[in-house]
Amino acid sequence: MSSSPTLIFMVIFFLESLAAMLQNGFMVTVLGREWVRRRTLPAGDMIVASLAASWFCLHGVAILNNLLIFFGFHFVRDYYNTLWHFVNTLTLWLTAWLAVFYCVKVAVFSHPVFFWLKWRISRLVPRLLLGSLVLVGLTVISSAIVTGILKQMIASKSSQGNSTWAERVQAFYRSFHLFDVMLMWSVPFLLFLVSMLLLVFSLCRHLGLMRNYRQDPCDPSTRVHTMALKSLVFFLVFYTPYFLSLVVVAIEITNFQSHWYWAWEVVTYASICLHSSMLVLSSPKLRKVLMTRGLWLAKLQS
């Protein structure tokens with residue numbers, strides 16, 4: 001790729017990242033202010049606020065990391081990779097909890113465990129958020145420690161001329177890192193998919209009952225099912241490409257120094273930018289604040 005297309009993709013990446021940071025900053029400001037004022041927040045909004053904060057940090061880390069790499073500061077890459085891994089993994093878990101929350105609140109099943117979850121989910125959300133933060137933090141810290149030890153061992157054995165042993169340690173390090181990231185990324189992705197499948201199953205069974213009893217298929221319960229399912233479908237459309245791009249990076253299919261690097265960054269972070277846009281537009285509370293601000297700015301300009 002020539003330098004001109006590379007520059008175009010760089011500009012697109014920074015613009016979409018700044019746009020995403022503005023959107024997520026808006027969500028954090030609105031929901032965080034309500035959280036502070038009322039000293040409480042609905043469980044769904046609590047997850048959205050936490051997710052928006054993690055997205056804001058993820059885009060900020062990505063911008064800083066790419067700027068440092070662009071200007072040749074490759075020696076700090078390991079430090080920012082650790083930070084990026086923490087924020088990214090936390091984002092995947094928060095997205096999964098949002099899907100689980102939608103599923104538990106909307107789907108209808110007669111199993112006692114599901115009834116217990118429906119009754120307790122709002123109280124469990126703060127614990128799930130805090131538990132995810134602690135789990136991801138401990139995992140990333142332990143992974144960073146193991147990575148540092150193994151890299152020191154590789155450097156020590158290489159300097160002593162024992163290249164065979166160093167290669168074995170390096171192969172073990174790659175396998176350990178791949179297992180660690182795939183485990184921490186795959187579990188929340190599977191939670192997301194299971195929640196979506198359960199919601200689809202609940203909707204299909206509900207529609208079957210409506211046909212059997214000859215009731216209106218557009219009753220409130222069906223509309224709630226459909227709206228939640230549409231939200232999760234949009235989540236899946238934006239969530240899956242991002243998850244797959246992370247897998248591609250983890251197994252090192254693409255070269256970090258590739259000329260297509262900036263194009264890859266544009267595609268990867270575009271899904272998060274669109275995801276945050278959808279959250280803003282799908283939330284009546286955020287949409288109302290956005291329209292109020294828009295009317296206020298229009299009055300100032302008139």
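The values are calculated or read from the model by the stated rules, or taken from the named source; none is laboratory data. The model shown is predicted, which means the values in this text are computed figures rather than measured ones. All Cβ positions, glycine included, derive from the backbone under ideal geometry; neighbour counts span all protein chains shown. Just the protein is used for accessible areas: all its heavy atoms, side chains included, with ligands, DNA and RNA removed. Shrake-Rupley method; radii C 1.70, N 1.55, O 1.52, S 1.80 Å.
Among M291, M210, which is open to solvent by 30 Å² or more (accessible area, probe 1.4 Å) and either farther than 30 Å from F26 by Cβ or modelled with pLDDT of 65 or more (or both)? Please lay out each step first, then the result.
On the way: M210 fails: open to solvent by 30 Å² or more (accessible area, probe 1.4 Å).
Of the residues listed, the single one that is open to solvent by 30 Å² or more (accessible area, probe 1.4 Å) and either farther than 30 Å from F26 by Cβ or modelled with pLDDT of 65 or more (or both) is M291.
Does region 7-29 contain at least one residue that is closer than 19 Å to S132 by Cβ and open to solvent by 70 Å² or more (accessible area, probe 1.4 Å)?
Within region 7-29, none of the residues are closer than 19 Å to S132 by Cβ and open to solvent by 70 Å² or more (accessible area, probe 1.4 Å).
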Of the conditions (1) open to solvent by less than 80 Å² (accessible area, probe 1.4 Å); (2) hydrophobic (A, V, I, L, M, F, W, C); (3) more than 16 Å from L92 (Cα to Cα); (4) at pLDDT 85 or above, V146 fails just one. Which one is it?
(4)
V140 - would you say it is within 17 Å of the chain's Cα centre (by Cα), under 15 Å from D180 (Cβ atoms), part of a helix (DSSP H, G or I) and at pLDDT 90 or above?
no
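Going through region 98-118 one residue at a time, which ones are closer than 24 Å to V136 by Cβ and either among the basic types (K, R) or in contact with a Ser or Thr (Cβ under 7 Å, 6 or more places away or on another chain) (or both)? Full working, then the answer.
Just the residues of region 98-118 that are closer than 24 Å to V136 by Cβ, to begin with: 98-104, 117.
Passing the criteria: A99, V100, Y102, C103.
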